[in-house]
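Below is one structure; the comments refer to it alone.
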Amino acid sequence: MLIRIDPGAARPIYEQIAASVRTDVAAGRLRPGDRLPPAREVAAAVDVNVHTVLRAYQQLRDDGLIDLRRGRGAIVSASAAPLAELSHEIRALVEHAARLGLSPAALAALVKETTP
Amino acid sequence: MTTSNAMTTSLAEIHRARTLFRWVGLYLPLALLLGALVTVAIWLPRLPDPVAMHWGRAGADGFGPRWTALGPPLLGVAVVLLIGLLALSTHRLPGAGTGQNRGGVVTDRDGVPRWSVTARFLGAMNLGLAGLLSFLAIVAAGVQLGLADARQAPDIGPWMLLGSAVAVGLVVVGWFLQPRVEQAADAVSPAEPVPLEEDERIAWIGTATIGRAGAWVLGPLLLATFALAVALAATGGPMAWVFLLVIVLVSVVAAVSSVFHVRVSSAGLSVRSLAGWPRIRVPVDEIDAVGVVPVAPMADFGGWGWRIGLDGRMGVVLRAGDALEVRRRRGRTIVVTVEGAAQAASVLAAMVERGRREGSGGSRTTEGGSE
């Protein structure tokens with residue numbers, strides 16, 4: 001699992017941790033059934049308070065991305081599957097763009113400009 | 001180690017190594033053991049019953065029914081077969097697929113065939129072991145020929161010494177009968193550092209778990225040794241408890257070292273087993289280079305688990321495939337087979353890069369970098 005935090009960013013740190021997990025699921029690096037590292041471990045790794053990590057995990061649970069069970073830790077839930085499928089769509093899009101002569105970097109720039 | 005000097009190991013060379021391995025590590029040992037088995041079997045009617053099977057300071061002190069005289073060579077056949085077939089076929093085990101399988105020769109993903117020094121060593125060991133067990137079976141039975149009572153059996157201490165010398169000689173001969181197969185070093189792909197913002201904190205956490213191939217090999221081996229210990233305990237051998245204790249200890253160690261937690265952070269690399277020990281920590285400023293390297297457990301490290309390779313690399317080697325490789329400024333290079341090794345390497349490379357920047361910049365200016 002990759003966790004990135006920018007303390008200078010306006011976004012609260014717990015949200016940045018949650019976003020890191022979400023990115024990992026979307027990238028296919030975390031799959032439903034996978035266990036997230038204990039909050040203590042994440043907190044130590046990026047040097048933040050355990051409660052900040054727990055708050056991130058709670059947010060992910062509220063979003064239906066993970067299940068939190070006492071003694072079993074945080075597990076990516078089955079309802080995270082749509083987000084996990086995004087990785088296939090991304091791959092398909094990148095391949096499609098490449099066939100049309102568009103580099104991944106150019107495609108990424110276009111994605112950044114596109115607002116939902 | 002950093003770059004592969006395009007060394008070509010031909011298929012023919014590896015075929016020759018495998019053929020000689022079969023002769024040195026399988027056929028010859030089995031022939032020796034069968035010879036001993038037949039000899040002792042012919043002698044059986046002339047042996048006392050019970051027969052002496054163990055010698056202590058005061059002569060023969062362990063006895064068993066007559067057929068137990070066949071025990072050592074039978075055990076030898078089992079071990080020789082197990083080790084010989086294992087060495088010849090590890091690349092066929094599930095999950096070992098770093099490359100294709102061309103005519104029974106394992107190759108890596110670039111199609112370069114692989115053979116290992118480990119296999120060569122195992123072949124030589126098989127020959128030595130078979131020699132020792134055959135020799136001892138014949139000596140132990142030979143000195144009891146025609147005796148009415150096994151307690152009269154003479155001391156076989158000098159024979160044991162001779163047998164050990166013969167075994168060592170056979171190992172050496174077996175080693176040199178097999179060809180040396182030069183293996184190109186695996187190419188380490190240097191990791192591309194993850195781009196970081198000025199104050200951004202980044203960490204990577206992963207788990208290295210044992211692959212199916214390793215589990216397939218280690219599981220039955222542990223079970224077999226455990227069964228042997230139980231059998232020893234059942235026959236009341238005095239060493240059975242020590243043996244059993246060792247087996248339990250080895251099982252526990254194998255169990256705790258089949259899962260490792262891997263952490264890459266500003267503190268550097270940390271790899272620790274489920275039980276917390278064994279563990280490795282490499283601070284960022286001790287790291288020289290970070291990369292990703294393909295690993296074939298049997299060929300590169302002689303097996304699975306917490307290992308030191310023949311080339312001096314130390315590693316947590318639990319499956320075949322890509323591994324994180326960290327070259328230290330001082331001490332052994334560390335190899336960890338972990339899912340997402342490439343990403344882990346990129347994050348660690350970014351840490352190293354930042355550490356160097358801060359190291360060189362921090363000495364001139366007081367601001368920035370020192371958190």
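The values are calculated or read from the model by the stated rules, or taken from the named source; none is laboratory data. In this text, all values refer to a predicted model and were calculated from it rather than measured experimentally. All Cβ positions, even for glycine, are placed from backbone atoms using ideal geometry, and neighbour counts span all protein chains on display.
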For the stretch A:64-110, give me the residue count where each residue is within 26 Å of residue A:40 (Cβ to Cβ) and touching a Ser or Thr at 6+ places or on another chain (Cβ under 9 Å).
4
Of the criteria (1) at pLDDT 90 or above; (2) surrounded by 13 or more Cβ atoms within 10 Å (Cβ to Cβ), which one residue A:86 fails
(1)
Would you be able to tell me the number of residues in the stretch B:197-227 that are within 14 Å of chain A (Cβ to nearest Cβ), surrounded by fewer than 18 Cβ atoms within 10 Å (Cβ to Cβ) and within 20 Å of the chain's Cα centre (by Cα)?
1
Taking the stretch B:252-266 and keeping only residues that are touching an Asp or Glu at 6+ places or on another chain (Cβ under 9 Å) and within 14 Å of residue A:46 (Cβ to Cβ), one is left with B:263, B:265, B:266
The conditions are (1) among the hydrophobic types (A, V, I, L, M, F, W, C); (2) in contact (Cβ under 8 Å) with a residue 12 or more places away in the chain; (3) farther than 21 Å from residue B:347 by Cβ, and residue A:110 fails exactly one of them. Which is it?
(2)
From B:188, B:194, grab the single residue that is under 22 Å from residue B:323 (Cβ atoms) and within 14 Å of chain A (Cβ to nearest Cβ).
B:194
Contacts under 7 angstrom Cβ, first residue in the stretch B:331-342 being away from chain A (no Cβ under 14 Å) and farther than 15 Å from residue B:282 by Cβ, partner among the aliphatic types (A, V, I, L, M) and buried (at least 22 other Cβ atoms within 10 Å of the Cβ), 6 or more apart
B:337/B:208; B:337/B:295; B:337/B:316; B:337/B:317; B:337/B:318; B:337/B:323
Taking strands (runs of 3 or more DSSP E) that fall entirely within chain A, which contain at least 1 residues that are away from every other protein chain (no Cβ under 14 Å)?
A:66-69
Going through (1) assigned to a helix (DSSP H, G or I); (2) modelled with pLDDT under 85; (3) in contact with a Pro (Cβ under 9 Å, 6 or more places away or on another chain) one by one, residue B:303 fails only at (1)
Quick check on the stretch B:136-168: of everything there that is over 19 Å from residue B:56 (Cβ atoms) and within 27 Å of the chain's Cα centre (by Cα), which residue is surrounded by the fewest Cβ atoms within 10 Å (Cβ to Cβ)?
B:165
Can you confirm whether residue B:39 is of a type outside the set (Asp, Glu) and modelled with pLDDT of 80 or more?
yes
Could you check how many residues of the stretch B:247-291 are more than 20 Å from residue B:215 (Cα to Cα), part of a helix (DSSP H, G or I) and away from chain A (no Cβ under 14 Å)?
2
